[in-house]
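Input: a single structure, listed below in C-alpha cells.
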C-alpha cells in the first residue's frame, strides 16, 4: 500500500482518510490514480490539482461503510467500484452488524486496490450474472453464516470482525493467523482459480501437477480434514494445515499468501523498508521475477517479525515457505504475469472450469 500524501499541504495520510487532519481538505481515493485527491481545499487555500467538484463526489457509502472512494457525480448517489460489488449487507436496524460491516468493507477496499494494482480482471455480477464476483457480508447473530465461495459469490460472516470471536476461532482451529483481509484474499483465490486457470489447458495441467486434481470430492475431503486433521509432515509441502484439505484450498491458501507478500512488499518499499523495486509500479519480469520477489520478501518478513517480538507481540508473518510452496507460488505469479501482460489472454479470462464453481470454504 502506497504512502499517501495530502496534495494540498503534504501531510502524510492513511489509505482510509477522507479529510486531511492537518489542513482540513476533503479527500477522496481515486482507484485509477492510486492516490488521495483533494475534492475541496479549505476556503483560504487554492490548490490547482484539486478534483473538479462538478465531476466527482464521495461514494454513497461514505457513512455506512466509511468509504472514502471517489465516484462520478450525478443526480443519483453512486457506489464506488468496491462497494458496488457487495450484493447483500445487514439491514439498517441491525446497528451492531452495520458497525462490523464497515470494518469488512474497509478490508475489502484494500483487497480491490491490490487486485487493481496487479491488473487482475474484476468481473462483477453485472457483467457476468452467473459467475461474476459478488460479496454477501452477513451477520451470524441470528442465523448460521458460512464464510466461503460459490460461483463468484463470496460470503463473509461479519462476526470475523469481532476480535474476541476471531481469536477464539483462531486458537480453537490452531491457526497462526486469522484476519478479515486474510479471509478475503483466500476466497478471492477461489474466484481467480476458474477465472485464470480455466483459460488454458496448459495451466490446468500444471495445476494438477502441483496441487492435485481440483475435481476431487470436496465434501469428502472436508469431512476427512476435520475428523483426521492435516497429515504428518504437511509443513514440507503446504503453506498451512488447511491447505492440505483439498487442492482447491491449497490453491486459495497459496494465492492468499502471494497477495500478502506482494502488498506488504509494496508498503515496505513506500516507507523505505524494502527496495524500491518491490513496488507494484516496478513490475518484476521474466523467469527471475519471482525469485526477485522472494529475495526481497524473506529479509523483510524476518525483520518485521523481530520488530513485533521487540514489542512483545507474535510474529507478523508466522509462516515458513518451503521449496514446494515456493514452486506453487511461482506458478501463481507466472499465471498472473502472463495473463495480465497479454491483452489477448486477458480478454479470454472468464471461462469457469467444470466442477469448480461449487461451494468452497
Q: Give the residues of the range 116-133 that are surrounded by fewer than 18 Cβ atoms within 10 Å (Cβ to Cβ) and in a helix (DSSP H, G or I), sorted by residue number.
A: 116
Q) From the set of residues in the range 235-247 that are modelled with pLDDT of 95 or more, touching a helix residue (DSSP H, G or I) at 6+ places or on another chain (Cβ under 7 Å) and part of a helix (DSSP H, G or I), which is farthest from residue 215 (Cα to Cα)? A) 236
Q) Out of curiosity, is residue 136 assigned to a loop (DSSP other than H, G, I, E, B), under 22 Å from residue 89 (Cα atoms) and either within 19 Å of the chain's Cα centre (by Cα) or free of Cβ contacts under 8 Å to residues at least 24 places away in the same chain (or both)? A) no
Q.
Which of the numbered conditions does residue 60 fail, given that it passes all the others? Conditions: (1) touching a residue at least 40 places away in the same chain (Cβ under 8 Å); (2) touching a helix residue (DSSP H, G or I) at 6+ places or on another chain (Cβ under 9 Å); (3) not assigned by the TED database to the domain that holds residue 284.
A. (1)
Q) What about residue 301, is it over 13 Å from residue 329 (Cα atoms), at pLDDT below 95 and crowded, with 20+ Cβ neighbours inside 10 Å? A) no
**Q.** Hits in the range 139-169 - residues which are within 17 Å of residue 65 (Cβ to Cβ) and outside any strand (DSSP E or B)
**A.** 139, 158, 160, 161
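The values are calculated or read from the model by the stated rules, or taken from the named source; none is laboratory data. The structure presented is a predicted model; accordingly, all values stated were derived computationally and were not measured. Glycine also receives a Cβ, built like all others from the backbone with ideal geometry; neighbour counts cover every protein chain displayed.
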